Amino acid sequence: MDEICVPIPWLEHVVIVDTPGTNALDQRHQTLTQSIVPQADLILFVTSAERPLSQSEGKFLTEISQWGRKLIVVINKIDLLPKEEDRRLVLDYVNQNIGSLLGYNSSTISKDSRNYIV
């Protein structure tokens, strides 16, 4: 495991773990992810705009909700969708499915990360 240390006081007790995906070909990746995630205080769940909330991701989100963890869903690659209408469809689809999978409504904020690259 690589470790990156940043001298920022409010991050002193923060540990970020990047786990393998939930639809991995290697079953060890799935097992590793499922053993780490229940210990997390906050989960950043990344799904792709090209195939948002796949069946395996939906199943895993249901497991996360049973663990009672805080959840932020990130839609990756949304800037690759050329039309605003397509981006809105993906956002609506994710919000709707999060609501039906987890039993509560969510709100989504869309930002193009290219505007934040330093």
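The values are calculated or read from the model by the stated rules, or taken from the named source; none is laboratory data. No experiment lies behind these values; they were computed from the predicted model shown. Cβ atoms come from the backbone with ideal geometry, glycine included; neighbour counts cover every protein chain shown. Heads up: the accessible areas ignore ligands, DNA and RNA and are worked out on the full protein's heavy atoms, side chains in. Shrake-Rupley method; radii C 1.70, N 1.55, O 1.52, S 1.80 Å.
Based on what the data block shows, is residue 36 open to solvent by less than 90 Å² (accessible area, probe 1.4 Å) and touching a residue at least 24 places away in the same chain (Cβ under 8 Å)? It would help to see each step written out before you state the result.
Working: open to solvent by less than 90 Å² (accessible area, probe 1.4 Å): yes; touching a residue at least 24 places away in the same chain (Cβ under 8 Å): no.
It is false that residue 36 is open to solvent by less than 90 Å² (accessible area, probe 1.4 Å) and touching a residue at least 24 places away in the same chain (Cβ under 8 Å).
Restricting the search to the range 39-76, which residues are within 18 Å of residue 89 (Cβ to Cβ) and in contact (Cβ under 8 Å) with a residue 40 or more places away in the chain? Walk me through how you get there before you give the answer.
Applying the first criterion (within 18 Å of residue 89 (Cβ to Cβ)) to the range 39-76 yields 47-54, 57-58, 73-76.
Of everything in the range 39-76, those that are within 18 Å of residue 89 (Cβ to Cβ) and in contact (Cβ under 8 Å) with a residue 40 or more places away in the chain turn out to be 47, 49, 52, 53, 58.
Would you confirm whether any residue within the range 83-100 is of a type in the set (D, E, K, R), at pLDDT below 85 and not in a loop (DSSP other than H, G, I, E, B)?
Within the range 83-100, the first condition is being of a type in the set (D, E, K, R), and the residues that meet it are 83-88, 92.
The next check asks that each one be at pLDDT below 85; those that pass are none.
No, that holds for no residue.
I'm trying to understand the selection: among the residues of the range 13-57, which are part of a loop (DSSP other than H, G, I, E, B) and closer than 21 Å to residue 86 by Cβ? Explain how you work it out, then say what you get.
Residues of the range 13-57 part of a loop (DSSP other than H, G, I, E, B): 13-26, 40-41, 49-54.
Result: 49, 50, 51, 52, 53, 54.
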* To do: Could you tell me whether residue 20 is surrounded by 14 or more Cβ atoms within 10 Å (Cβ to Cβ), over 30 Å from residue 88 (Cβ atoms) and under 14 Å from the mean Cα position of the chain (by Cα)?
  => yes
